[in-house]
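The structure appears below as structure tokens.
The values are calculated or read from the model by the stated rules, or taken from the named source; none is laboratory data. These figures come from a predicted structure and were not determined experimentally. Positions of Cβ are backbone-derived with ideal geometry, glycine not excepted, and every protein chain shown enters the neighbour counts.
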Amino acid sequence: MEGSTIRRRIWAVVPIAVFLLIGCNQAEQQVQELSEDYEITMATEEATEEEREELLALEHEQIDHMLMYIRESLDEEEAESVSIPQSNSPHRLRASGTSSVELETQYDPDENDHPFHIKRHFSFAYELEESDVDLAVADDEELPSFVEIDQEASFITGMIPGLEWHELTAQVSPVGQQDSQELSFSTIGEWRGEFIYEDQKVVFSEEDEWAGIMSVEEWTQDQLSQF
């Protein structure tokens, strides 16, 4: 009698275990399919109770959009132009200070399926030859010369749930001749994702590189636009 009761209990538990296993396998399979579609390797493991409380839980569509954005960034082949957001422009260009520029995308976010409007930026500190005075550049005057550029950094504004940008290296440097000098921007970093999907914790890290070019003349005039 006792043995029969134990067997009934075992058989009652089996369907629940099978259901959980199927659900787990389906979630892993769906993540694997997305990984193959976008050529971005993702690792999965069963999430702990603590991880479920701490990490964001994403839907399949949200993960799809996230990977779509990363893939577009990875597939950019040429250096892009950069611009200076007007809200960040100082009223006057000084011989030393900090500057922030925005990397322009090659695609129109409004024409893409993903809903994210992430902007990528570079920031840096600079010192010009006129080290102690305000600099106002007329059209017929020479462009300023950079004595030093340092504190380079790359970062994003906006948000994709479950995704962060981690910079590894960043460089801003003047290139070319004085009369046609440009600022070259480059960075290497990683897109790092960590989130919950169904009952799985999903983790990935994908290296990416951004690059951009801006003429020193354009940079100077943008800085002086509110002078």
(Q) Against the definition (among the aliphatic types (A, V, I, L, M) and either under 30 Å from Met66 (Cα atoms) or at pLDDT below 70 (or both)), how does Ala125 come out, yes or no? (A) no
Q: Provide a single number: the residues in region 130-185 that are at pLDDT below 90 and in contact with an Asp or Glu (Cβ under 6 Å, 6 or more places away or on another chain).
A: 6
Q) For Ile84, all conditions in the list (1) in contact with a strand residue (DSSP E or B) (Cβ under 9 Å, 6 or more places away or on another chain); (2) surrounded by fewer than 16 Cβ atoms within 10 Å (Cβ to Cβ); (3) at pLDDT below 85; (4) not aromatic (Phe, Trp, Tyr) hold save one; what is the number of the exception? A) (2)
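Tell me, please, whether a residue that is closer than 20 Å to Glu72 by Cα and part of a strand (DSSP E or B) can be found in region 173-183.
Within region 173-183 (the criterion being closer than 20 Å to Glu72 by Cα and part of a strand (DSSP E or B)), the answer is no, since none of the residues qualifies.
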Q.
Any residue that is modelled with pLDDT of 85 or more, surrounded by 15 or more Cβ atoms within 10 Å (Cβ to Cβ) and part of a helix (DSSP H, G or I) - is there at least one of those in region 98-110?
A. no
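Within region 165-179, can you find the residues that are surrounded by 13 or more Cβ atoms within 10 Å (Cβ to Cβ) and closer than 14 Å to Arg192 by Cβ?
The answer is Trp165, Glu167.
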Q: Enumerate the pairs (first residue in region 147-160 and on the phi > 0 side of the Ramachandran plot and surrounded by 17 or more Cβ atoms within 10 Å (Cβ to Cβ); second residue anywhere and part of a strand (DSSP E or B) and aliphatic (A, V, I, L, M)) with beta-carbon separation below 9 Å, excluding pairs fewer than 6 apart on the same chain, so at least 6 apart or on different chains.
A: none
